[in-house]
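Below is one structure, written out as structure tokens, with a few remarks after it.
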Amino acid sequence: MVPSTPGGPPECAALRQRAAGGDAGAWGALLTGHEDRLRRMVAFRLDPRLRGRVDAADVLQEAYAEAAAHREDYFRRSAAVPVFLWLRGVVGNKLLDAHRHHLGTAMRDAAREHAPRPGAAPDATSAALVDQLSGHGMGPRTAAGHAEVKARLHAALDGMDATDREVLALRHFEQLTNGEAAQVLGIQERAAAKRYVRALKRLKDVLAAMPGGLTEVRS
């Protein structure tokens with residue numbers, strides 16, 4: 001079965017074969033076919049402090065250059081992994097480099113951003129989720145009220161199982177499929193689906209109890 005991605009072109013077997021044979025144009029087409037999804041990832045995972053300083057296009061260009069340099073390695077060692085998931089890992093490493101460069105090595109651990117593991121520090125994913133959830137003009141308009149909402153969201157998210165929280169991020173905000181999320185986390189697809197439903201319900205319950213009408217989970 002030819003791998004496909006929601007909202008994007010399938011990873012055509014003929015295109016992959018040409019790329020594996022050294023066709024740079026075919027390889028470029030495979031990479032850029034996932035650009036919208038990768039931009040979504042960067043927008044979600046980029047620390048808010050770096051907005052205006054780090055451009056998503058620059059992160060992707062660096063990732064594409066890195067991917068081009070390791071094309072042979074991909075087909076030799078990782079060809080069973082869809083190009084999108086492999087490239088997502090490359091983009092994650094470039095994001096990590098950007099965070100380290102601009103925020104220093106003492107920043108919250110962004111190393112989990114592209115391939116988090118159960119039990120990993122929740123800071124990076126929780127921060128991204130809180131920023132996304134509190135950034136739609138919902139909830140109290142005062143600074144104190146907004147801070148309270150963010151604090152309660154942090155508490156709720158940090159209290160979640162790490163894998164549930166990451167499945168929520170991957171499925172709802174990065175819009176990966178259950179199968180893709182399962183591959184990123186190294187769990188079964190059925191488990192990913194079950195965890196997503198559980199995490200989404202818990203988050204909706206938390207939002208429903210928020211002051212100022214935070215009632216929706218928006219992507």
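Scanning segment 192-211 for residues that are crowded, with 16+ Cβ neighbours inside 10 Å, among the hydrophobic types (A, V, I, L, M, F, W, C) and at pLDDT 85 or above yields ALA192, ALA193, ALA199, LEU200, LEU203. State whether the residues of segment 114-123 include one that is under 14 Å from ALA181 (Cα atoms), at pLDDT below 90 and either touching a Ser or Thr at 6+ places or on another chain (Cβ under 8 Å) or assigned to a helix (DSSP H, G or I) (or both). The answer is yes; a qualifying residue exists. Taking the listed residues VAL90, VAL54, VAL81, the one that is buried (at least 20 other Cβ atoms within 10 Å of the Cβ) and among the β-branched types (Val, Ile, Thr) is VAL90, with no other qualifying.
Limited to segment 32-51, what total is found for residues that are under 14 Å from LEU103 (Cα atoms) and over 10 Å from the mean Cα position of the chain (by Cα)? If you could, list the steps in order and put the result at the bottom.
Filtering segment 32-51 down to residues under 14 Å from LEU103 (Cα atoms) leaves 46-51.
If we keep only those that are over 10 Å from the mean Cα position of the chain (by Cα) too, we end up with 47-51.
Here the count works out to 5.
The values are calculated or read from the model by the stated rules, or taken from the named source; none is laboratory data. Worth saying up front: this structure is predicted, and the values here are computed from it rather than measured. Cβ: placed from backbone, ideal geometry, glycine included. Neighbour counts: every protein chain shown.
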